[in-house]
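A short worksheet on the structure shown next.
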Amino acid sequence: MNEVKSIVIPYRPQLIYPLVAVFLALIVGAFFFGKYWEKQILKDEMQEKTRLEILADELGTRVALQQQQLSTVQLNLQVDSAALESTRQEMIVLQKSIYQRDEELKLYRELLQDGSQPTGLSVADLKLNMLDDGRVSYRWVARQKTVKMKTLSVAANLWVSGILNDKETKFSLAELDPEIEAMPLNMEFKYFSINRGLIRFPDNFEPRQVRITLRYSWMEKPQFDQKYDWKIEG
């Protein structure tokens, strides 16, 4: 049987104190190192915070400047757009004026060249056009030819006759064109008067004829009375 030998370690109390001292020194060192590390981290974070605040101020200034520039650009666009719209409206008015002048010049030439035009009052260029919304645009020219051409007052009447619900019906221009308050139309012109407008018919009305009469204001009977077949241009 093997004999078990005991190992005896001698107890030396003087070794405990150095070990405790080393352990305490490590703890104290770790504590101060942690404090130092915390201060460094805090310092870095404060520097980063300051840098970010400066950057935020710079970005805020840039954004404010860009917003001001954007507002200026938008204002300039609005001004340019308003100026462009004003120019467009002026061009439309100018085009209408040029068209009217060309139209009047054409009528002047026809008046001078047309030796067959009857003396007194007459009507020319009756034109009817159907619009997409169901209305009809009309245009006609009242003319006069006298020995002494001068501005005279003329009363004009216009009717449209046709069939409404299987009955013959006649409407005056004042009943069809909301821009005309009453008939007759009172005009003053020396050579001619161009008349145009828009009319809308009642439902189920089928126009057949247009009748136009013209008379001088001091006369009771018309000097011109003519019927025209209803004919849409185009």
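The values are calculated or read from the model by the stated rules, or taken from the named source; none is laboratory data. This one's a predicted model, so the numbers in the text were calculated from it and none came from an experiment. Cβ atoms come from the backbone with ideal geometry, glycine included; neighbour counts cover every protein chain shown.
Here are a few things to note about the model shown:
- Tyr108 meets all of the listed conditions (1) in the same structural domain as Ser217 (by TED's automatic domain parsing); (2) at pLDDT below 95; (3) surrounded by 12 or more Cβ atoms within 10 Å (Cβ to Cβ) but one, namely (1).
- Cβ-Cβ contacts under 9 Å between residues 6 or more apart (or on different chains), taken from a first residue in the stretch 177-189 that is under 17 Å from Gln144 (Cα atoms) to a second residue that is of a type in the set (Val, Ile, Thr), are listed as Leu185/Val154; Asn186/Val154; Met187/Val154; Glu188/Thr151; Glu188/Val154; Phe189/Thr151; Phe189/Val154.
- Candidates Lys43, Lys96, filtered to the one that is basic (Lys, Arg), modelled with pLDDT of 75 or more and either outside the structural domain of Ile194 (by TED's automatic domain parsing) or more than 30 Å from Ile194 (Cβ to Cβ) (or both): Lys43
- Every residue from the stretch 167-209 that is more than 39 Å from the chain's Cα centre (by Cα) and at pLDDT below 90: Lys190, Tyr191
- Some residue of the stretch 164-172 being in contact with a Leu (Cβ under 9 Å, 6 or more places away or on another chain) and free of Cβ contacts under 8 Å to residues at least 24 places away in the same chain: yes
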